[in-house]
Amino acid sequence: EIVSRDWSSDVCSSDLVLPLVMWVPMWLSTSAPVILGSMITIGFGLGLHYPLSVARMVTASGGRPDLANSRSALASGTAISVAPLTLGVLADAAGLHRAFLAVPVILLLAIVATVKHPVHAAGSSPSA
C-alpha cells in the first residue's frame, strides 16, 4: 500500500503544503514561465489531494462508505461550482491579483483542519 490504513494527519496535510509553497512564486512573479511552472506544480499537488481526501472520508465513515462517497461528491461539486464564482466576485471587487490572496488562506485552513482532526482506521490506535 502506498498509504497505510492508519490515517495520521501527515498524508492529507502534506499534499497541501506543496501548493501552498508554490503559490508564493506564482503570486510574486511577473514572469510567465515562473507563473506557469508554479501553477502546474500547484495542480500536481492538488491533484493528489482529491483521492486522498475521499479515502480519508471513507475511512472516517464508520462503515458507511456509500454515505461518505455521496457527501464527497456533493462537496466536490459545490466547491467546483462556487470557487470560480467567488474568485470572480473577489476579483471584481479587489482586482485579480489581490483575489488570489484567498488561495493561501483556504490552503492554511485546510491544513489546520486536517491536522486538528486526524482520522484513524477502525481498530487502530493513533500513532505517536
Suppose we keep only residues that are assigned to a helix (DSSP H, G or I) and hydroxyl-bearing (Ser, Thr, Tyr) within the stretch 41-63. Which one would you say is surrounded by the fewest Cβ atoms within 10 Å (Cβ to Cβ)? Tyr50
Going by the conditions given, is Pro25 without any contact (Cβ under 8 Å) to a residue 60 or more places away in the chain, assigned to a helix (DSSP H, G or I) and farther than 23 Å from Val11 by Cα? yes
I'm told Thr30 meets every condition in (1) of a type in the set (Ser, Thr, Tyr); (2) assigned to a loop (DSSP other than H, G, I, E, B); (3) touching a residue at least 60 places away in the same chain (Cβ under 8 Å) except one. Can you identify the failing condition by its number? (3)
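The numbers here are math on the coordinates, done by the rules we state, and not lab data. Quick caveat: nothing in here was measured; it's all calculated off a predicted structure. For neighbour counting, all protein chains shown are included, and Cβ atoms are generated from backbone atoms with ideal geometry for every residue, glycine included.
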